[in-house]
Amino acid sequence: MKRIYNKALLGTLLMAMFLMGCTDILDEKPRSQYTPEYFKTEAGVMGGLTSLYASLRYIYGNGYYYNALITGTDEATYAQSADQNFKDMDFSGAGTLTASSSRSDVLWNNTYPAINTASGIIENASAVGTVSNSLVAEARFFRAFDYFLLVQTFGGVPLDLGAGELKFNSSSSRTSVRNTVPQVYTKAVFPDLLTAINDLPATGRVTGGVTKTVARLYLAKAYLTYGWWLENPNNIPTYPVCDRTDPDGHNAAWYFQQAYNIATAAINAPGSYGLQPTYYDVNLGPNDRNNEILLYADHTEASEAYNGSSLTYGGGGGADNFAVWMMTWNYTNIKSSANTGWSSLVNSVQREAEQHLGRPWTRMCPTIGVIKNTFADKTNDSRYDGTFTTVYRGNWGKAGNTTASLYNANNLPVSNGDAILTFLDNEPSTAIDYSNATYKSNIGAGVLPGRADYVISPNGISRIVYPGLWKLGVYRTDNKTGLGQPNAASTRPFNIAKFSELYFIAAEAAVKGATTNSGQSARELINVIRARAGKWRWNNNGNVAKVEDNSAALTAATPATITVDYILAERSREYFGEGYRWFDLVRTQKWAEYAGTYQICGDKYGDHTPITVTRTIDSKYYLRPIPQGQLDGMEMSDEEKAAYQNPAYVVTK
């Protein structure tokens, strides 16, 4: 498979590189290729490990792969400026997902080089004599991590890259055979993670390094996912076709119990990890790399070399962290006026490298159902406020405009820092005047009596104007008094795994029948998360301190009997827009049920009429297509390529 294996030898694609001693940062230097002899040196092992961490940046933070994880679910649809990369993922008739258009190719193309690197370390490190088992366990973790992503996305995938199953391959191969789903789990994912748990340290070797807790999270999640796969409640087809029986002789119930046991073991022995005191703190830019984050694709504003991309301009490729651009609408089109006659218009909200703002691309947008239903409780539950940018504030002064105040809705004055546009929490009792004939916002927003800010209600969310995604927003410390570098990719780490998910995994396993520990029933586990959601220390979109504890109200409102549906709702509130949703809905086989219809307004400014859109999500689409580039690189007949591809997708000759 030329497309896989030649890339596996190109360290420049992975920013691969040496770790100089056991310092607390990864020191990355490029290397042209990896060989078995190289991995038999300490420098080779350390360089390979560093490349595995660096490889995360080419997957997580990539806006197109991000699209593949969220667009087409109940969380998001395509936005006004979307191209076919996004429309094809929506399954609503705006496009058709193909092996050429599926952006899950980002995953395939970047995991296999990392898998091969990990195999090189695992296979050759013992020859060094000074490499500890804990270092090799890091490679085992990443190989399992990548295979787990692949098997969830594509079904059964190759374990043999040309040199034998799970062997390091140092030559090009243009043939390939896909293993079955049970083989991928039982030969690759589970054994590597079990070894990783045994050999990894409780505290990371480097900042952000993998640990026992990280490996436990992924083993518990893999057990949970495989349990669902074995149970197959909605008869979703698998590929390559195989019986849904476990080679080790276990049933789904056994795996659900193991998922519960592993997850609760991690909760009970957290080491240096834990939950942040408030939901706001989890995603606050100045608090990045906090103890709730188990794994992240790292970036930095301190150095372009270590950041992996430019600090001044991002092109939306390579190692750029540009995912948040996709769900950022063009707020810079909002107009206010320098005079009451509205003859001198000003862009009152400028593009700024700040967590509420950032670079707009308008490729994806939340559905109306997210705003109204997922986050129905915006008073007690802090997660809506800690997820979205719903208030856009004036910042024209940072652009050099010295005008002290401008005129906005109802011809009322506003100053820098004041609200210019607000997305309302709920439908107002007074009808919004969207006609706004005199004082136009330029983006079709409306006015309410006495308010200087333009407003849009939840039913007015459209493909062109919608709340932004604060939780992933840009954070820079080098803006000084200006707008900073809003056209650069984000220099924040992209969070991949959080300690909080252990509670959800254990709770879901309990709902699926696992015997629970005292004090750790599904309801008790979920209520730990909900209690934290009720704690406020800051009103993000009000931009004021808010010390309030609504934990009692939220936990009391939790139903006595927890269901999978309730867990999915809580997961969306906790992880909205972070890339979990497609996997969650596919695992539980509820994708079509949850995302079959959605509501959104149109793609023109001023369109505030919700329409219901129907998606066609057949069970055959629960697997993404093998990328066309992979098929093109293999020396196989057309018939063999067709058999290699997942059945829902046509092979292009």
(1) buried (at least 21 other Cβ atoms within 10 Å of the Cβ); (2) without any contact (Cβ under 8 Å) to a residue 40 or more places away in the chain; (3) not β-branched (Val, Ile, Thr) all hold for SER343 apart from (1)
Discussion item. When you check THR186 against the structure, is it surrounded by fewer than 21 Cβ atoms within 10 Å (Cβ to Cβ), in a helix (DSSP H, G or I) and among the hydroxyl-bearing types (Ser, Thr, Tyr), yes or no?
Written reply: yes
Checking ALA545, ALA553 in turn, the sole residue that is touching a residue at least 24 places away in the same chain (Cβ under 8 Å) and either surrounded by fewer than 18 Cβ atoms within 10 Å (Cβ to Cβ) or β-branched (Val, Ile, Thr) (or both) turns out to be ALA553
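Just name the residue that is modelled with the highest pLDDT out of those in the range 25-43 that are of a type in the set (Ser, Thr, Tyr) and surrounded by fewer than 14 Cβ atoms within 10 Å (Cβ to Cβ). Reasoning before the result, please.
Pass one, the range 25-43, residues of a type in the set (Ser, Thr, Tyr): 32, 34-35, 38, 41.
Add one more test, that the residue is surrounded by fewer than 14 Cβ atoms within 10 Å (Cβ to Cβ), and what stays is 32, 35.
Working: SER32: 45, THR35: 83.
For the range 25-43, the residue satisfying everything is THR35.
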The helices (runs of 4 or more DSSP H) lying entirely within the range 224-309 that contain at least 3 residues which are more than 30 Å from ASN380 (Cβ to Cβ) are 252-268, 304-307
| query | Residue check: is ASP199 among the charged types (D, E, K, R), out of contact with any helix residue (DSSP H, G or I) (no Cβ under 8 Å at 6 or more places or on another chain) and either modelled with pLDDT under 95 or surrounded by fewer than 24 Cβ atoms within 10 Å (Cβ to Cβ) (or both)? | reply | no
Reported set for the range 361-395 where residues are closer than 16 Å to VAL324 by Cβ and part of a loop (DSSP other than H, G, I, E, B) is TRP361, THR362, ARG363, GLY386, THR387, THR390
Quick count over the range 592-617, residues being in contact with a Phe, Trp or Tyr (Cβ under 8 Å, 6 or more places away or on another chain) and part of a loop (DSSP other than H, G, I, E, B), is 5
Filtering helices (runs of 4 or more DSSP H) wholly in the range 37-128 for at least 1 residues that are among the small types (Gly, Ala, Ser) and closer than 16 Å to PRO627 by Cα gives 63-70
Per the list (1) surrounded by fewer than 24 Cβ atoms within 10 Å (Cβ to Cβ); (2) within 30 Å of THR563 (Cα to Cα), residue check on PHE504 breaks on (1)
A careful count of residues in the range 117-165 that are β-branched (Val, Ile, Thr) and more than 26 Å from the chain's Cα centre (by Cα) gives 6
Among strands (runs of 3 or more DSSP E) completely within the range 469-573, the ones holding 3 or more residues that are under 26 Å from the mean Cα position of the chain (by Cα) are 494-498, 535-539
Note on GLY308: of the conditions (1) at pLDDT 95 or above; (2) in contact with a helix residue (DSSP H, G or I) (Cβ under 8 Å, 6 or more places away or on another chain); (3) farther than 23 Å from LEU224 by Cα, unmet is (1)
Residue hits (the range 419-449; aromatic (Phe, Trp, Tyr), out of contact with any helix residue (DSSP H, G or I) (no Cβ under 7 Å at 6 or more places or on another chain) and in a loop (DSSP other than H, G, I, E, B)) are TYR434
Taking the stated definitions as given, is ALA531 among the aliphatic types (A, V, I, L, M) and exposed (fewer than 14 other Cβ atoms within 10 Å of the Cβ)?
no
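Would you please name the residue that is modelled with the lowest pLDDT, looking only at residues in the range 135-175 that are surrounded by 16 or more Cβ atoms within 10 Å (Cβ to Cβ) and of a type in the set (Ser, Thr, Tyr)?
Step one: list which residues in the range 135-175 are surrounded by 16 or more Cβ atoms within 10 Å (Cβ to Cβ), which gives 135-163, 166-170, 173.
Now narrow it down to the ones that are of a type in the set (Ser, Thr, Tyr): 147, 153, 170, 173.
Numbers: TYR147: 98, THR153: 98, SER170: 88, SER173: 79.
Across the range 135-175, the extreme among qualifying residues is SER173.
The values are calculated or read from the model by the stated rules, or taken from the named source; none is laboratory data. Because the structure is predicted, anything quoted here is derived from the model rather than measured. Cβ atoms come from the backbone with ideal geometry, glycine included; neighbour counts cover every protein chain shown.
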